[in-house]
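Asker: Supplied in structure tokens, the structure appears directly below.
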Amino acid sequence: MIETMRIGKLAERVGVTPRTIRYYEQIDLFSRSERVGRGFRHYTEYELARLQKIDALKQLGLSLDEIRSVIDLYFEDATGIKGKQKVLTILQRHLDETQERIDALGQFRHELATNIARVQQLIEHAHAG
């Protein structure tokens, strides 16, 4: 028989709140378990592993939408290679976007420094004249 746990125990083991698990269910990031017994949902080690993977992907900086696009790959492929390849693509895109922002901020910084120097010169000319 498969050992199951209720949402509180699952949340405790993963380090999230039951509300987080319900939210993940609501946005289809995590599938709802069937209600059994007195109407409580029961979860297995599979759901535990899935939540742990979601947490690990969040730690890498993936958004919930990005996680949704990759999470199933980890559980369809026992090696996890397909999931890792997709995560690598996402992380590379994040890196490229970050570099673009850094470049844009560098340009903005240069423009600010130029404008500051220009205003300082105007002030100096006003004091000199």
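Asker: Taking other Cβ within 10 Å of each residue's Cβ, how do GLU66, GLU97 sort, fewest first?
Answerer: Working: GLU66 19, GLU97 10.
Placing the least packed residue first, the sequence is GLU97, GLU66.
Asker: Here are labelled values, (1) 1.26; (2) 1.79; (3) 1.11, and one is the computed Cα Rg over 2.2 N^0.38 Å for what I pasted. Which one?
Answerer: Only one listed value fits the structure, namely (2).
Asker: Could you tell me which residue out of THR4, ILE27, GLN59 lies farthest along the dipole of the chain toward its positive end? Charges go on the beta carbon: Lys and Arg +1, Asp and Glu -1, centred on the Cα centre.
Answerer: Final value for the positive-end residue is THR4.
Asker: Now a separate question. Near LYS58, which lysines are there with a Cα under 19 Å away, not counting those fewer than 8 places off in the same chain?
Answerer: LYS82, LYS84, LYS86
Asker: In addition: Compute, for segment 5-128, the length of the dipole vector about the Cα centre, with Cβ point charges of +1 (Lys, Arg) and -1 (Asp, Glu) only. Units Debye, rounded to 20. Show your work: numbers first, answer last.
Answerer: Working: 20 positive and 18 negative charges, 152 e Å.
Computed about the Cα centre, the dipole is about 740 debye.
Bear in mind that the values in this text are calculations on the coordinates, not laboratory data. Quantities reported herein were computed from a predicted structural model and do not represent experimental measurements. Using ideal geometry, Cβ is built from the backbone for each residue, glycine included, and neighbour counts are taken over all protein chains shown.
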